[in-house]
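Bear in mind these aren't lab numbers, they're just calculated from the coordinates by the rules spelled out. Values in this document were obtained by computation on a predicted structure and should not be read as measured data. For neighbour counting, all protein chains shown are included, and Cβ atoms are generated from backbone atoms with ideal geometry for every residue, glycine included.
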Amino acid sequence: MTDKPGRELPKEFRAIAAELVDNQGWTYRLSNRGGHPMLFPADKNQPPIPVPTSPSDVRGIKNFRSQIRRRGGNV
């Protein structure tokens, strides 16, 4: 079962995660042990991406988008 990104993420990260899950076949999972939520690429050969749960500097969102592009996402 795929979880949906919710209030645990800042709105900028939530919008990107929702786009990937809804339109590009990615999977979103919350951690069972209190860690970061994870985004799993549609290509199962690629490693998952930890999703930041707090807004940080301006480069944080850019770095997150870069990780997604490197794993085959279109953002």
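Which residues, taken from region 27-49, are over 15 Å from ASN74 (Cα atoms) and either surrounded by 14 or more Cβ atoms within 10 Å (Cβ to Cβ) or among the hydrophobic types (A, V, I, L, M, F, W, C) (or both)? Those that are over 15 Å from ASN74 (Cα atoms) and either surrounded by 14 or more Cβ atoms within 10 Å (Cβ to Cβ) or among the hydrophobic types (A, V, I, L, M, F, W, C) (or both): TYR28, ARG29, LEU30, HIS36, PRO37, MET38, PRO48. Of everything in region 1-27, what is out of contact with any Leu (no Cβ under 6 Å at 6 or more places or on another chain) and among the aromatic types (Phe, Trp, Tyr)? Give them in sequence order. Across region 1-27, the qualifying residue is only PHE13.
Condition check for LEU39 on (1) under 18 Å from ASP3 (Cβ atoms); (2) touching a residue at least 40 places away in the same chain (Cβ under 8 Å): one failure, at (2).
Scanning region 42-75 for residues that are free of Cβ contacts under 8 Å to residues at least 24 places away in the same chain, in a loop (DSSP other than H, G, I, E, B) and under 10 Å from the mean Cα position of the chain (by Cα) yields a single hit, PRO48.
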